[in-house]
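Engineer: Just dropping this structure here.
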Amino acid sequence: MADTADQALSKRTIRAVFWTVGARLLSRVLDFATLLVLARFLGPEDFGLVATAMTIILVLEAILELPLSSVLVRLPEITDRACNTAFTLGLLRGLVLTAIIVVLSYPLAAFYGDQRLVALICTLALAPALRGMISPRMAVFEKALNFRPRGIVELSGKVAATAVAIAVAIALESYWAIAASTLTAPAIMALSSYLIAPMRPQLTTKDWPLFSEMISWNLVSQTLTAINWQIDRFLLPRYVDTSSFGRYAAANDLASLPAQALVAPATGPLISAFVAAREENHLKETYLKASAGFTSLLLPVFFFIALCPESIIQLLLGPKWSAAAPILSGLAWTSVFVIPSIPMLPLALSMNRSRDLAARSFVELAIRVPLSLIGVIMFGIPGAIVARGGSFLAVCLSSVTLIKSMAGATLREQFGVLMRPAAALVPACAFVLACKHYVGFDDPLHLEFLATGALFCIIYVVALGAAWLVAGRPDGIEEAAFRMVTHYIHKR
């Protein structure tokens with residue numbers, strides 16, 4: 001009976017993840033289209049200027065992020081009063097955040113020596129406020145593991161942002177195209193969320209006790225995480241020129257796309273799944289399946305990016321961005337370290353263990369800040385990449401210990417999910433290296449590179465399937481994919 005319930009939960013979770021990941025993947029396709037256009041009309045300096053302006057905004061937004069939806073999902077019943085309290089807290093957070101950013105715009109412009117940042121920062125300060133205005137009633141769908149509405153909301157904002165960015169870039173050829181896109185997406189998302197999940201907001205804090213405990217520890221965790229996340233972007237503009245920082249920012253955005261496309265949209269469904277799994281006493285199995293799924297999907301992506309950065313930069317950004325290739329490769333290699341512990345965030349939120357997230361962030365802070373200070377000041381961008389890798393490794397090692405206490409998964413079980421994907425990568429990576437050596441990717445249409453990428457994926461999938469069969473066909477992402485394929489074949 002437990003196995004049947006586990007399989008039913010896995011099926012609902014995978015369906016929810018497919019919806020959110022599918023929407024995010026389409027969003028990333030639109031991001032690629034926007035990036036391709038902007039990279040032709042704008043230069044590294046434009047990207048560097050906007051990235052400098054966004055650094056403080058992203059830090060403060062992460063610090064003041066409120067897990068309102070996570071709290072609502074954990075409630076036995078999502079009431080109108082709880083939704084109104086969530087709306088009020090989101091509104092207050094947006095107003096405070098905007099005011100702080102506007103006040104800081106002048107000293108930050110002076111610190112970086114560029115007065116253009118004042119108007120840019122004040123304009124971009126509206127984005128986090130708009131992001132906090134999405135209808136709290138969306139949590140009703142998420143609690144039921146129905147993430148189709150969330151996907152529709154995200155795609156509507158992204159389509160509008162892409163259209164605005166391209167139009168402004170063509171008309172003005174200015175960095176304001178990026179700023180316009182940044183504001184358009186959350187505005188359209190907020191509007192569409194009230195069409196899908198309508199409510200009449202009322203200002204109240206009567207249900208504040210429901211949110212207080214998670215918000216308090218979450219604030220500590222997010223403050224530490226924000227410092228860890230943005231320390232390199234905060235320091236680099238001071239020690240490298242704007243164009244070099246623009247290349248670093250663009251490479252960082254490319255290296256982050258796989259995680260943004262998969263991890264961020266899967267967080268909501270996983271919180272709901274972990275809550276249900278804990279109630280049904282199979283939390284460890286659910287966690288290991290989630291970890292195995294992330295590993296199987298992300299590990300080959302980061303390896304391919306690390307092995308072929310030159311061709312990826314040429315294909316996506318163009319020849320003038322070629323100096324960003326070694327940066328992209330280094331950032332992709334460092335990203336591999338955090339893959340095994342990715343599901344820890346939704347696991348901790350589902351169990352109200354924000355204190356453990358704060359402990360992990362403190363460990364990362366103790367490693368990353370001194371490494372970043374030394375690395376950036378002495379070596380610039382290479383030092384920032386090394387500091388990032390060291391902190392990610394520390395996060396991985398601290399996370400596996402905390403996961404053992406939360407989900408009961410041993411270190412052997414946690415690292416065991418790496419075995420099949422790692423084995424499948426061996427023939428796939430060997431094929432890519434052979435193509436780089438014997439074939440090269442000199443075709444101006446990038447046909448050789450694209451064909452190599454397609455064959456890399458095929459070889460990896462076949463090898464992963466073989467490893468799954470050898471392992472006795474355990475339940476997981478391979479089993480889900482196998483069921484989908486066989487179901488499709490039978491329908492045909």
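The values are calculated or read from the model by the stated rules, or taken from the named source; none is laboratory data. What you see is a predicted model, and the numbers here were worked out from it, not measured in a lab. Here Cβ is always computed from backbone atoms with ideal geometry, including for glycine, and neighbour counts include all displayed protein chains. Keep in mind that these areas ignore ligands, DNA and RNA; they rest on the heavy atoms of the full protein, side chains included. Shrake-Rupley method; radii C 1.70, N 1.55, O 1.52, S 1.80 Å.
Conditions (1) basic (Lys, Arg); (2) open to solvent by 60 Å² or more (accessible area, probe 1.4 Å); (3) in contact with a strand residue (DSSP E or B) (Cβ under 7 Å, 6 or more places away or on another chain), marked per residue:
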site	(1), (2), (3)
Glu65	no, yes, no
Ser69	no, no, no
Arg81	yes, yes, no
Gly94	no, no, no
Ile100	no, yes, no
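Engineer: Next question. Quick one: in region 404-428, of everything that is within 17 Å of Ser335 (Cα to Cα) and part of a helix (DSSP H, G or I), which residue is most open to solvent (accessible area, probe 1.4 Å)?
Structural biologist: My answer is Phe415.
Engineer: Out of the residues in region 154-167 that are free of Cβ contacts under 8 Å to residues at least 40 places away in the same chain and open to solvent by less than 30 Å² (accessible area, probe 1.4 Å), which is nearest to Ala187 (Cα to Cα)?
Structural biologist: Gly157
Engineer: crowded, with 20+ Cβ neighbours inside 10 Å, assigned to a helix (DSSP H, G or I) and modelled with pLDDT of 85 or more: does that describe Ala255?
Structural biologist: Details: crowded, with 20+ Cβ neighbours inside 10 Å: yes; assigned to a helix (DSSP H, G or I): yes; modelled with pLDDT of 85 or more: yes.
Here the answer is yes, as Ala255 does meet what is asked.
Engineer: Follow-up question, since we're still on this one. Among the residues of region 64-99, write down those that are assigned to a loop (DSSP other than H, G, I, E, B) and of a type in the set (Val, Ile, Thr).
Structural biologist: Across region 64-99, the qualifying residues are Ile78, Thr79.
Engineer: Suppose we filter Ala165, Ala179, Ala185, Ala160 for residues that are touching a Ser or Thr at 6+ places or on another chain (Cβ under 8 Å), of a type in the set (A, V, I, L, M), within 30 Å of Ala144 (Cα to Cα) and not in a loop (DSSP other than H, G, I, E, B); which single one remains?
Structural biologist: Selected residue: Ala160, the only one of Ala165, Ala179, Ala185, Ala160 that is touching a Ser or Thr at 6+ places or on another chain (Cβ under 8 Å), of a type in the set (A, V, I, L, M), within 30 Å of Ala144 (Cα to Cα) and not in a loop (DSSP other than H, G, I, E, B).
Engineer: Is there any pair with a first residue in region 125-139 that is without any contact (Cβ under 8 Å) to a residue 60 or more places away in the chain and small (Gly, Ala, Ser) and a second that is open to solvent by 10 Å² or more (accessible area, probe 1.4 Å) and part of a helix (DSSP H, G or I) whose Cβ atoms are under 6 Å apart and which are 6 or more apart or on different chains, and what are they?
Structural biologist: If the second residue must be open to solvent by 10 Å² or more (accessible area, probe 1.4 Å) and part of a helix (DSSP H, G or I), the pairs left are Ala129/Thr98.
Engineer: Does Phe234 count as surrounded by fewer than 21 Cβ atoms within 10 Å (Cβ to Cβ), assigned to a helix (DSSP H, G or I) and of a type outside the set (D, E, K, R)?
Structural biologist: Criteria met by Phe234.
Engineer: So, one more: Under 8 Å by Cβ, and 6 or more places apart or on different chains, what pairs join a residue from region 251-277 that is among the hydroxyl-bearing types (Ser, Thr, Tyr) with one that is open to solvent by less than 30 Å² (accessible area, probe 1.4 Å) and not in a helix (DSSP H, G or I)?
Structural biologist: Filtered contacts from region 251-277: Ser272/Leu145.
Engineer: Does region 448-467 include one or more residues that are under 24 Å from the mean Cα position of the chain (by Cα) and open to solvent by 60 Å² or more (accessible area, probe 1.4 Å)?
Structural biologist: Yes, the conditions are met somewhere in region 448-467.
Engineer: Please verify whether region 17-28 includes one or more residues that are under 28 Å from Leu172 (Cα atoms), surrounded by fewer than 23 Cβ atoms within 10 Å (Cβ to Cβ), of a type in the set (Lys, Arg) and modelled with pLDDT of 65 or more.
Structural biologist: The answer is no; no qualifying residue exists.
Engineer: So, in region 429-447, how many residues would count as being part of a helix (DSSP H, G or I) and either open to solvent by 60 Å² or more (accessible area, probe 1.4 Å) or among the hydroxyl-bearing types (Ser, Thr, Tyr) (or both)?
Structural biologist: Number of matching residues: 5.
Engineer: Let me ask another. Kindly state which helices (runs of 4 or more DSSP H) lie completely within region 306-403 and contain at least 3 residues that are of a type outside the set (Phe, Trp, Tyr) and open to solvent by 30 Å² or more (accessible area, probe 1.4 Å).
Structural biologist: 309-316, 354-379
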